[in-house]
């Protein structure tokens, strides 16, 4: 199975993909857009993307793309993230003047840069990609921040290990497939109120995408900016004793001061969940089911 990732071989996404799908062939992509394009066009059977980190928060671009593209979250995985300063063999830490890595990784290592003010953090497109660049260019005054696998992959030397700000540093990864939970009812608006119609749980496209034991659902929705709108939206879950494990908002691109709410709730495709989504469709401008999957 071909699985697309954002980043190079040796990245944390590479490790997560291999942990989720041990026999897969990993397809590295420089940009996130390429990852989603490959899945939508059938050039990769699936994708593994980071969606949230316990220190740096949500990967904003991926959250936006989940709403914009026709993909379905089939699973999640929690990976312990250990960051290391990796340089060309022979280079000493005292010689390093800049450290390259993905912005999310740099944000997880603030204490390192506070302790080493002479070292400049430099954003790069990928963690493992930064190590690959440093080694390929034989840079003597630079290093990359990445996992141990990147050092093994490209022959780098670890100068400092475990530099993340907190040892409880985890990244949540999504396994994506092409498809929609229910083609006619995935995105709701005032003309189409039901997210999962009648017998959708047994006949809809999403039933073929769901893994056994699916007990968690991710959705995105938008409400009008009127008093009580968010309260009414969240009440559809409270009324049915459905526990929310996450809620956050993101600005809508091209729609200033309008926001999309992202919610994870701890139910799969059962009657209370379907009723809650049906009710939500009556009070929200739109609802999109991003995925129904087994909780990690």
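The values are calculated or read from the model by the stated rules, or taken from the named source; none is laboratory data. A quick note: this is a predicted structure, and the numbers were derived from the prediction, not measured. Every residue, glycine among them, receives a Cβ derived from its backbone with ideal geometry; neighbour counts consider all protein chains shown.
Miscellaneous remarks
- When residue 172 is tested against (1) surrounded by 14 or more Cβ atoms within 10 Å (Cβ to Cβ); (2) assigned to a loop (DSSP other than H, G, I, E, B); (3) at pLDDT 95 or above, exactly one condition is not met: (2).
- Going through (1) in the same structural domain as residue 157 (by TED's automatic domain parsing); (2) modelled with pLDDT under 95 one by one, residue 56 falls short only on (1).
- When we screen 81, 86, 145, 51 for residues that are under 20 Å from residue 247 (Cα atoms) and either touching a residue at least 40 places away in the same chain (Cβ under 8 Å) or surrounded by 22 or more Cβ atoms within 10 Å (Cβ to Cβ) (or both), the only hit is 51.
- Residue 160 vs. criteria touching a strand residue (DSSP E or B) at 6+ places or on another chain (Cβ under 6 Å) and at pLDDT below 95: no
- Within the range 6-32, tally of residues that are in a loop (DSSP other than H, G, I, E, B) and crowded, with 24+ Cβ neighbours inside 10 Å: 3
- Residue in the range 64-75 that is crowded, with 19+ Cβ neighbours inside 10 Å, in contact with a helix residue (DSSP H, G or I) (Cβ under 9 Å, 6 or more places away or on another chain) and farther than 25 Å from residue 248 by Cβ present: no
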